[in-house]
Amino acid sequence: MTDRLSRTFAACAMAHRAALITFVTAGDPDLDTCARVMDSLVAGGADVIEIGMPFTDPMADGPAIQAGNIRSLGSGTTLRKVLAMVRDFRVGNQATPLILMGYFNPILAYGPTSFAADAAAAGLDGCIVVDLPPEEDAELSPALAGHGLHLIRLATPTTDVRRLPTIVSGASGFLYYVAVAGITGANAATADDIGAAVARIKAATMMPVAVGFGIRTPEAAAAVARVADAVVVGSAIVELIGAASIARANDLPEQVEAFVASLSLAVRSARAQLAAE
């Protein structure tokens, strides 16, 4: 494929580095501020942006992202407004891949076919639907594929070698490895465990493997960047947004950009440092 997401992973591979995927909740703390934060993620060095679709019952999200959902929903964010925010982002940025991460109920209420058409027209590149297993995605998967959108699937520490072929079948873009069995931002897996899991997944698919959940610091991001194709950081960024929002900080985007720049530097230099050791 020659789409934005595939081009980004190919460019990172050519540069012998992992990609940095950053997560923010759409509309957190409000849509205007979130739009500025998205620009700051790019300025800080994010290769891919994941935007969370705020949801009232987020089963996989820990306290930080739950709080982001509450701030976003409280400011009136809807799925249609999220797609409008994506359209506005694309006016100034045609290069950075945007992935929507969320739950199936809002998409089902919107209508999977209409959602896929509107998401593609807005400029999204793919979706991660946390609570939609491969066996239940017949309504959404063909609709996304028909509009050139990736359906990115999740694997976890409990996904064994018998389950992996089902997970990767029909998936595209990349495979998202959830490094800990639990909610976002809570615990962290060891580098050895992540390395072994990535090797197991790579034996089952040619897709890039991104690793997320529990990665909160530049040091942790660098450790994952040595063994995975991409590093996903979410809760730490959402916590920063939450703290700045409570403090009514005028420099929230600048704070986010500085933190993401520290992550980006760590990710981009991780393999070179490993080779020098």
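You will find that of Pro58, Pro54, the residue that is closer than 22 Å to Phe115 by Cα, within 18 Å of the chain's Cα centre (by Cα) and surrounded by fewer than 24 Cβ atoms within 10 Å (Cβ to Cβ) is Pro58 and no other. Residues of the stretch 154-162 include at least one that is of a type outside the set (Val, Ile, Thr), within 20 Å of the chain's Cα centre (by Cα), closer than 27 Å to Val42 by Cα and open to solvent by 20 Å² or more (accessible area, probe 1.4 Å). Within the stretch 9-25, no residue that is free of Cβ contacts under 8 Å to residues at least 24 places away in the same chain sits with its Cβ atom under 7 Å from a residue that is buried (at least 22 other Cβ atoms within 10 Å of the Cβ) and of a type outside the set (Lys, Arg) at 6+ positions apart or across chains.
Among the residues of the stretch 11-42, write down those that are open to solvent by 50 Å² or more (accessible area, probe 1.4 Å) and of a type in the set (Gly, Ala, Ser). Matches in the stretch 11-42: Ala11, Ala13, Ala15. The residue that is nearest to Ala67 (Cα to Cα), counting only those in the stretch 202-257 that are in contact (Cβ under 8 Å) with a residue 24 or more places away in the chain and of a type in the set (Lys, Arg), is Arg216. With respect to the conditions (1) buried (at least 16 other Cβ atoms within 10 Å of the Cβ); (2) among the hydrophobic types (A, V, I, L, M, F, W, C); (3) more than 26 Å from Asp229 (Cα to Cα), Ala64 falls short on a single one, namely (3).
Just one of (1) within 23 Å of Phe9 (Cα to Cα); (2) open to solvent by less than 10 Å² (accessible area, probe 1.4 Å) fails for Ala95. It is (2).
Of all the residues in the stretch 95-127, those that are in contact (Cβ under 8 Å) with a residue 60 or more places away in the chain and either among the charged types (D, E, K, R) or farther than 18 Å from Phe23 by Cα (or both) number 1. If I filter the stretch 217-227 for residues that are open to solvent by 20 Å² or more (accessible area, probe 1.4 Å), at pLDDT 90 or above, more than 22 Å from Ala266 (Cβ to Cβ) and basic (Lys, Arg), do I get at least one hit? No, because not a single residue in the stretch 217-227 is open to solvent by 20 Å² or more (accessible area, probe 1.4 Å), at pLDDT 90 or above, more than 22 Å from Ala266 (Cβ to Cβ) and basic (Lys, Arg).
Looking across the stretch 124-153, the residues that are under 19 Å from Leu83 (Cα atoms) and open to solvent by 30 Å² or more (accessible area, probe 1.4 Å) come down to Val130, Ala145, Gly146, His147, Gly148.
The values are calculated or read from the model by the stated rules, or taken from the named source; none is laboratory data. Since the structure is predicted, the reported quantities are computational estimates derived from the model, not experimental observations. Using ideal geometry, Cβ is built from the backbone for each residue, glycine included, and neighbour counts are taken over all protein chains shown. To get the accessible areas, we keep the full protein, side chains included, count just its heavy atoms, and leave off ligands, DNA and RNA. Shrake-Rupley method; radii C 1.70, N 1.55, O 1.52, S 1.80 Å.
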